[in-house]
Amino acid sequence: DHNKLALPVGTTLDRFIMRKQEDFPYATGELSQLLRDIALAAKIVNREINRSGLIDIAGAYGSQNVQGEDQQKLDVIANIRFIRALRNGGEVCTIISEEDDEMIQTGNNQGKYVVAIDPLDGSSNIDVNVSIGTIFSIYRRVSPTGREGTAADCLQPGTHQVAAGYVIYGSSTMLVYTTGNGVNGFTYEHSLGEFFLSHPDIITPKTGNIYSINEGSSDSFSPGVAAFVQHCKDQQFSARYIGSLVADFHRNLLKGGIYVYPATAKNKSGKLRLMYECNPLAFIVEQAGGKSSNGTRRTMEIEPKIPHERCPFFIGSKELVEKAESFIATDTEAC
Ligand code: P6P
């Protein structure tokens, strides 16, 4: 039947979502609407990011932007835009965001979904024009509808994700997401205001020769991590570290490779956040045939304790993550 046909490159995101919804006979369309709400916010944030460059130049002569408003940090703007789009969309009852200490209640108490989001990761890279990204996870709430979402709704393990994705605002803007049936990438054509299917059914290479880690912290790497990094050098891998997670992850997803943010002296549990950085990318990489762990545990099986929990992060080509884990296994101290 028609919806089993692979959708052609060039299909719009909207048509893709609609067709894929037909794969779920009992789908009632809320998740589809939620994905559309996220795509809308991504378009708006994309415009703000592109404009901000101009405003920054203007802003260089003072902290006001061209409208005379105080120039807000772009990650604050992105947070406001995504929260507003999710609130107005009506499908989400509660949000946890990298930008907010507390859970955000949208008022949509009938909403069946909870979203964990890093609205603009790597925003320190904006004023040096390095690619940045939005990362999101979608969970079905576990508490009954009709009231606000609870901490239990927001602290589910990554295996409970119903969808996850990221937007990369780079040389072109792309939305990459999964609903548990593979990974698809859409490229934004801003003159039309549409995302078009450009990377259907992404499968990450099972191995690769790129390793991404901040070697500035190598003095505090565990012996296992240090040994793995040395292994990458012995194999003449390429060191590629942009310092913007979504950009490093996206390149490795397409080309093969491994990204590592281990425990360091400065970040005892690693720097990256479980709920809105590690889990969503772990869902995507597993759906693309890759692997993600904290060095010893599958990322998506880690039981979250607090919303902003950090965890060591080893993600990418399956064989490279397993190789890293084999070195970590020799570490004596607990990870
Ligand atoms: P470091 C950006 O601040 C970020 O959260 C990720 O996007 C990036 O991969 C990482 O931190 C970079 O951290 O310690 O290497 O500068």
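Regarding VAL176, is this residue within 16 Å of the ligand (Cβ to nearest atom) and over 22 Å from LYS271 (Cα atoms)? Answer is yes for this residue. Taking every residue in region 124-139 that is in contact (Cβ under 8 Å) with a residue 12 or more places away in the chain and pairing it with any residue that is away from the ligand (no atom under 15 Å from the Cβ) and part of a loop (DSSP other than H, G, I, E, B), at least 6 positions away or on another chain, the pairs with Cβ-Cβ distances below 8 Å are SER131/SER171; TYR139/GLN156.
Scanning region 275-293 for residues that are surrounded by 24 or more Cβ atoms within 10 Å (Cβ to Cβ) and touching a residue at least 40 places away in the same chain (Cβ under 8 Å) yields MET275, TYR276, GLU277, CYS278, ASN279, PRO280, LEU281, ALA282, PHE283, ILE284, VAL285, GLY290.
No other residue among GLN230, GLN236 is part of a loop (DSSP other than H, G, I, E, B), more than 12 Å from the ligand (Cβ to nearest atom) and either more than 20 Å from ILE135 (Cα to Cα) or not aliphatic (A, V, I, L, M) (or both) apart from GLN236.
Of the residues making up region 281-326, those that are farther than 21 Å from LYS268 by Cβ and among the small types (Gly, Ala, Ser) are ALA288, GLY289, GLY290, GLY316, SER317, SER326. Scan region 251-262 and tell me whether some residue there is within 13 Å of the ligand (Cβ to nearest atom), under 19 Å from the mean Cα position of the chain (by Cα) and hydroxyl-bearing (Ser, Thr, Tyr). Within region 251-262, one or more residues are within 13 Å of the ligand (Cβ to nearest atom), under 19 Å from the mean Cα position of the chain (by Cα) and hydroxyl-bearing (Ser, Thr, Tyr).
Confirm whether GLY208 is away from the ligand (no atom under 14 Å from the Cβ), farther than 24 Å from SER124 by Cβ and not in a helix (DSSP H, G or I).
On the way: away from the ligand (no atom under 14 Å from the Cβ): yes; farther than 24 Å from SER124 by Cβ: yes; not in a helix (DSSP H, G or I): yes.
Yes; evaluated as a whole, the condition is true for this residue.
Residue count for region 167-214 satisfying the condition of being of a type outside the set (A, V, I, L, M), under 14 Å from LYS43 (Cα atoms) and free of Cβ contacts under 8 Å to residues at least 24 places away in the same chain: 4.
We did not get these values from a lab; they are worked out from the coordinates using the rules stated. Just so it is clear, the structure is predicted and the values come from calculations on it, not from any experiment. Cβ sites come from the backbone with ideal geometry, for glycine too, and all protein chains shown count toward neighbours.
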